[in-house]
Amino acid sequence: MTAIALHDQDAVSGVFERLLHDRSEPTGLTARRRDALARFQRLPFPHRRQEAWRFTDPSLLQELRLEHLPPGPPVLDAGRLPRALTPHRLVFVDGRFVAGLSVLPEQGRVMVGSLAGMWRDEAQRAILESYLDNLPGLEDQPFLALNSALHADGVYVRLRRGAVLETPLEILHVATGEDRASYPRHLLVLEDNAEARVVEHYVGEGRYLCAPVTEIRLGANAMLDHYRYQAESMEAGHLGALRLYLSAHANASTTLLGGGAKLHRTEVAAHLAGQGAHAELRGLALTRDRQLSDYHVRVEHEVPHCTSNQLFKSVLDDQSRVVFDGTIKVHRDAQKTDAQQSSSNLLLSRRAQAQSNPRLEIHADDVSCSHGSTTGFLDKDALFYLRARGIGEAEARAMLVYAFAHEIVDNTRLETLQARLEALLRERLTLAQEDLA
Amino acid sequence: MLTIKNLHATVEDREILRGIDLRIPAGEVHAIMGPNGSGKSTLASVLAGREGYEVTGGEVDFLGHDLLELDPEERAREGLFLAFQYPVELPGVNNMYFLKAAVNAIRKHRGEPEMDTMDFMELVNDRAARVKMDQSFLKRPVNDGFSGGEKKRNEVLQMSVLEPRFAVLDETDSGLDIDALKVVADGVNALRSADRGFLVITHYQRLLNYIEPDYVHVLVNGRIVRSGGKELALELEEQGYALYESAA
């Protein structure tokens, strides 16, 4: 095993060559990897001087010495896994699929499996060729390129026309630390009228980098309820990307939930490419200590009559920082667009910092777009009102924080995940209360 | 029950209360009337313990406690209730959940077990009927999107559920139409008893037609300038406060 730093290009090339050597892959895939590596090396390594990284200091990344993984199957005791959120779960350890720990739905019109395995399946290869790393958006994102070059595995979901995933699917990624880097790569293809609910769940121990990329393509009238819940180790880096592509009348809801990682950044690109499509993008970040959490969201309205809604909330404690950078772009032909964006931050500490950068790029003239952003401390009047009814200060604060976050938590339509979030909120609030004492 | 002696208080370094003396025994309803800016609401805020009101002199005894030494929640747990002039909206805090948290905080303080959900629901439904509040309000966030009248009714509902020893009503009647006013008054009257006291702060005599006070005090410029029976309210209604304002 070799320790590498991500900004060291020779080292990254070395890791890449070893990866190709360790795996015998179809030439189509190898060619894609080479293109992606070239892209990664062409793109400037993130630096604060770049606009996109102005508020998120990527030098934190340089503290991570990233080890490439040896070949061979990962080993993990099933007892170390968090409780399953749903009966169907695919488990990945350090980016690699562990069949023995996974429970898959019955295959048929619904196809769920490991992405690496699907390349060997002639019938699926055409789909992979068409969609993998082929959806628009985030072309300048170096970690997406790096993931495209170095990913080991991920989930492949394909729902044929009208197919419904009856049981929600959990994609669990476990990182084992030791300065390892993993690049989970998921592809979700829902054909016309298909329907699914999918939860990505990231956990880990110790210091590591997890850089997942999820690409989602929805056919006409397809419906997806998607969650990405990052509960990484407090020493970890999590640099994620999400690409969403919506055909006519498709409906995508994606909820990004985070409480972990020392440095977290998720970039989202949603393209509404068919009339009547609707995208719902929500986020909730709970940060403390010196955590940094950054959501970069870009919604592109390409055609008329689409709607989108962004709702991002953060609860910041200690010296943590949160960045929200949200863009709505309305293309020239996209008349009758209705696009809303709202971000709000609740500061529990005077040393916490929140940064919101809403951006509207509107090239059509008959649209309804809005954005709003608020940052503030707990409302004193509200706190007094609760206390004047006999409710103690700590509980009153907890009630108000919960009230702030509830919009996102209550909209989580998977009870087990909702319960997990409520527990996380309670845990964080208890910590905040101890600070008060 | 509540004894206020020579109470002085400032807000942002401005003296608002300039020596209030008031004694309210259990079983009595006292009304405080006065022009705008006379210090009525400041008195209510000081009694409830709101931040930003500095007591610069005097004392307040409530059931043997030095009230001014207690945190707002401790005052509430000892049985003090303030019906807010401007009830706060709490989006995201469910009314029922809020009431239950309040009831149980007070019960816990008294060393009583938490109320179970069934008993609690029964209590709240009974009290909601008393203030003619639709059950759907109980499921909504506290005061969120409520009209002015609905907010005031919600205050009276909270009071009916918490059954305080002493309640301060801070202009609960302002902005209410006559029907809503009657509902509020009925809620208060239902709670009147020999071991409970009330301080009703109002700008208008009208409320006192429905909540009949034992005593009426006139507050002008931070001092009580006159006290009398309920007929004093009618006199004020006819003559206004001009007489007192010039004297103060």
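The values are calculated or read from the model by the stated rules, or taken from the named source; none is laboratory data. Just so we're clear, the structure is a prediction, and the values are computed from it rather than from any experiment. In this analysis, Cβ positions are derived from the backbone assuming ideal geometry, glycine residues included, and neighbour counts consider all displayed protein chains. Areas reflect the complete protein model, heavy atoms only, side chains present, ligands, DNA and RNA absent. Shrake-Rupley method; radii C 1.70, N 1.55, O 1.52, S 1.80 Å.
How much accessible area is lost when chains A and B come together, counting both sides, with a 1.4 Å probe, in Å² rounded to the nearest 100?
1900
Please work out the FRET efficiency for the pair A:Arg48 and A:Glu407, using the Cβ-Cβ distance as r and a Förster radius of 22 Å; give the result to the nearest 0.05.
After rounding to 0.05, the efficiency reads 0.10.
As a test question: what accessible area, to the nearest 10 Å², does A:Tyr385 have when a 1.4 Å probe is rolled over all protein chains in place?
Accessible area of A:Tyr385: about 0 Å².
Express as a percent, rounded to the nearest 5, the fraction of DSSP beta bridges in the protein assembly as shown (both residues included) that run antiparallel.
20
Using a basic spin-label model with each label point 7 Å from the Cα along Cα→Cβ, how many nm lie between A:Arg161 and A:Ser368?
Between A:Arg161 and A:Ser368, the label points sit 3.5 nm apart.
Pairs of Cα atoms under 8 Å, at least six residues apart: use those to get the relative contact order of region B:117-248, whole percent.
Dividing the mean separation by the residue count of region B:117-248 yields 19 percent.
Quick one: what are the phi-derived ³J(HN,Hα) couplings along region A:237-254, Karplus 6.51/-1.76/1.60 with θ = phi - 60°, whole Hz, x for glycine and proline?
Values per residue, Gly and Pro as x: x, 10, 10, x, 9, 9, 10, 10, 10, 10, 8, 3, 6, 6, 9, 10, 10, 10 Hz.
Leaving out ligands and nucleic acids, and using a 1.4 Å probe, what accessible area per residue does region A:30-174 come to in Å²?
Accessible area per residue: 45 Å².
Which order do B:Tyr210, B:Tyr244, A:Tyr208, B:Tyr215 take when ranked by solvent-accessible area (1.4 Å probe, heavy atoms of all protein chains), largest first?
B:Tyr215, B:Tyr210, B:Tyr244, A:Tyr208
Quick one: Karplus J couplings for region A:110-120, per residue in order, coefficients 6.51, -1.76, 1.60, θ = phi - 60°, nearest Hz, x for Gly and Pro?
Running phi through 6.51 cos²θ - 1.76 cosθ + 1.60 with θ = phi - 60° gives 9, 10, 10, x, 7, 4, 4, x, 5, 4, 7 Hz.
So between B:Asp21 and B:Met115, what do we pick up on full extension, going 0.36 nm a residue minus the alpha carbon distance?
Between B:Asp21 and B:Met115, full extension yields 30.0 nm more.
Shielding of B:101-109 by partners, i.e. mean partner chain Cβ atoms within 10 Å per residue?
Other-chain Cβ atoms within 10 Å of each residue's Cβ, averaged: 4.
Per DSSP H run of n ≥ 4, the term is -39500 (n - 2.57); total these for chain A, divide by its residue number, and report the mean residue ellipticity at 222 nm rounded to 500 deg cm²/dmol.
Result for chain A, helices only: -7500 deg cm²/dmol.
Would you kindly find the accessible area of A:Met234, with a 1.4 Å probe and non-protein molecules such as ligands, DNA and RNA excluded, rounding to the nearest 10 Å²?
60
Run through the DSSP bridge list for chain B and note the antiparallel percent, rounded to the nearest 5.
60
When a/c is below 1.5 the answer is rounded, else prolate if a/b is larger than b/c, else oblate, so apply that to region B:23-79 with a ≥ b ≥ c taken from the square roots of the Cα gyration tensor eigenvalues.
Oblate is the answer for region B:23-79, as a/c is 1.5 or above yet b/c matches or exceeds a/b.
Compute the FRET efficiency between A:Leu20 and A:Asp57 as 1/(1 + (r/R0)^6), taking r as their Cβ-Cβ distance and R0 = 35 Å, and round to the nearest 0.05.
Result of the calculation: an efficiency of 0.60.
So what is the accessible area of region B:124-176 per residue, in Å², with the probe set to 1.4 Å?
Result: 34 Å² per residue.
With θ set to phi - 60° and the Karplus curve 6.51 cos²θ - 1.76 cosθ + 1.60, what are the ³J(HN,Hα) couplings of region A:278-295 in order, to the nearest whole Hz, using x for Gly and Pro?
9, 10, 10, 10, 10, x, 9, 10, 10, 10, 8, 6, 10, 4, 10, 10, 9, 10
Under the definition of Cα pairs under 8 Å and six or more residues apart, what whole-number percent is the relative contact order of chain B?
28
How long is the gain from B:Lys5 to B:Glu122 if the chain were fully straight, where each residue apart is worth 0.36 nm and the alpha carbon distance is subtracted?
38.0 nm
Hey, with R₀ at 45 Å, roughly what FRET efficiency would A:Asn134 and B:Ser136 work out to, going by the Cβ-Cβ distance, to 0.05?
Computed FRET efficiency for A:Asn134 and B:Ser136: 0.35.
Taking a label point 7 Å from the Cα of B:Glu245 along the Cα→Cβ vector, which residues of region B:208-231 have an amide N closer than 14 Å to it?
Correct set: B:219-222.
With the Cα gyration tensor of region B:33-160 giving a ≥ b ≥ c as the square roots of its eigenvalues, does the rule (a/c under 1.5 for rounded; else a/b larger than b/c for prolate; else oblate) give rounded, prolate or oblate?
Note, shape of region B:33-160 comes out oblate.
Based on Cα positions only, what radius of gyration and what Dmax would you give for the protein assembly as shown, in angstroms?
31.2, 99
State, to one decimal in nm, how far the label point of A:Ala84 lies from the label point of A:Thr30, with both points 7 Å from Cα in the Cβ direction.
With each label placed 7 Å out from Cα toward Cβ, I get 3.8 nm.
Hey, rough spin-label estimate for A:Asn357 and A:Lys336, points 7 angstrom out along Cα→Cβ, what's it come to in nanometres?
Between A:Asn357 and A:Lys336, the simple spin-label model gives 3.4 nm.
Assuming a ≥ b ≥ c are the square roots of the Cα gyration tensor eigenvalues, decide whether region A:59-172 counts as rounded (a/c under 1.5), prolate (otherwise, with a/b larger than b/c) or oblate.
In terms of gyration-tensor shape, oblate.
For the protein assembly as shown, with the dipole built from +1 on Lys and Arg beta-carbon atoms and -1 on Asp and Glu ones, taken about the Cα centre, which of B:Ser45, A:Leu128, A:Ala236 lies farthest toward the positive end?
Among B:Ser45, A:Leu128, A:Ala236, the one farthest towards the positive end of the dipole of the protein assembly as shown is A:Leu128.
Taking a 1.4 Å probe, which of A:His331, A:His363 shows the most accessible area, and what order do the others take after it?
Of A:His331, A:His363, the descending order of accessible area is A:His363, A:His331.
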